[in-house]
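This report concerns only the one structure given below.
Nothing in this text is a laboratory measurement; each read-out follows from the coordinates by a stated rule. Just so it is clear, the structure is predicted and the values come from calculations on it, not from any experiment. In this analysis, Cβ positions are derived from the backbone assuming ideal geometry, glycine residues included, and neighbour counts consider all displayed protein chains.
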Amino acid sequence: MALREIRTNDDSILRKKSKSVEQVNDRIRMILDDMVETLHNTPNGGALAANQVGVLRRLVVIDLGEGVKKLINPVIVSSQGEQFEPEACLSFPGLWGRVRRPQSVVVKALDENGCETEIHASDFMAKCLCHEIDHLDGIVFIDKAEELMED
Ligand code: ZN
């Protein structure tokens with residue numbers, strides 16, 4: 001495994017749409033492992049999308065303290081309700097803002113073995129999934145945030 005540099009601020013890769021993963025292979029698993037290692041080496045890190053470490057593939061890792069989730073080609077298939085909570089992003093150090101997100105979502109993805117998985121999430125995890133899936137489309141939270149603030 002290897003640490004990867006987290007891209008920040010006006011790095012243009014943060015604005016690019018990532019490509020779907022066609023085949024879940026050892027190379028994809030290696031990138032996911034690098035993303036997890038990078039996440040665990042970053043203070044306050046809860047999740048990362050692959051383009052944040054320079055890879056334009058639809059990969060997300062999440063660890064909110066309840067175990068690591070590795071998601072390939074994640075898609076929101078349904079959502080309900082609304083929340084309006086503070087968000088931050090490892091790619092925008094020092095910035096905070098409140099973003100309107102669904103209160104709960106159902107996400108379909110492939111796991112690292114290429115098997116279909118479905119996640120039912122609410123509150124913090126739902127917000128996190130929406131934030132990361134936005135990254136895969138080149139959308140960052142400062143685009144959507146109201147009341148953007150600096151630390
Ligand atoms: Zn982010």
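Between residue 56 and residue 23, the contour length at 0.36 nm per residue exceeds the alpha carbon distance by 10.4 nm.
Placing pseudo-labels 7 Å out from each Cα toward the beta carbon at residue 148 and residue 68 gives an inter-label distance of 3.2 nm. Considering only 74, 93, 102, the Gaussian network model of the chain with Cα springs below 10 Å gives its largest mean-square fluctuation to 93. Sites count as exposed loop sites when they are trypsin sites (Lys or Arg not before Pro), lie in a DSSP loop, and have at most 14 other Cβ atoms within 10 angstrom; the longest stretch of the chain without one is 18-151. By the Cα gyration tensor, the chain has an equivalent ellipsoid whose semi-axes, rounded to whole angstrom, run 22, 19, 14 from largest to smallest. Seen from residue 114, the other residues with C-beta closer than 12 Å to its C-beta sum to a net charge of -3, counting Lys and Arg as +1 and Asp and Glu as -1.
Of the cross-linked pairs 16/69; 69/127; 70/127; 108/144, those separated by over 20 Å at the C-alpha level are 16/69; 108/144.
When only Cα pairs below 8 angstrom with a gap of at least 6 residues are kept, the chain shows a relative contact order of 26 percent. Grab the other residues whose beta carbon is less than 13 angstrom from that of residue 15, score K and R as +1, D and E as -1, and report the net. Around residue 15, the surrounding residues sum to -2. For the stretch 43-92, a crude dipole built from +1 on the beta carbon of Lys and Arg and -1 on the beta carbon of Asp and Glu, taken about the Cα centre, is about 360 debye to the nearest 20. Put a dot 7 Å past the Cα of residue 10, heading toward its Cβ, do the same for residue 41, and the two dots end up 2.8 nm apart.
For the stretch 1-70, pairs of C-alpha atoms spaced more than 13 angstrom apart make up 62 percent of the total. Hydrodynamic estimate: the Kirkwood radius of the stretch 84-143 over Cα pairs, inserted into Stokes-Einstein at 20 °C and 1.002 mPa s, corresponds to D of 172 µm²/s. Which aspartates and glutamates, if any, have their Cα less than 17 Å from the Cα of residue 19, not counting same-chain residues under 8 positions apart? Qualifying aspartates and glutamates at Cα under 17 Å: 111, 112, 132, 134, 137.
Note on the stretch 17-151: with charges restricted to the Cβ of Lys and Arg (+1) and Asp and Glu (-1), its dipole about the Cα centre is near 380 debye. When the GluC sites (Glu not before Pro) in the stretch 64-111 are filtered for DSSP coil states and for at most 16 other beta-carbon atoms within 10 Å of their beta-carbon, the remaining sites are 66, 82.
Please give the FRET efficiency for residue 1 paired with residue 137, using the beta carbon to beta carbon distance and R0 = 41 Å, rounded to the nearest 0.05.
Rounded to the nearest 0.05, the efficiency is 0.90.
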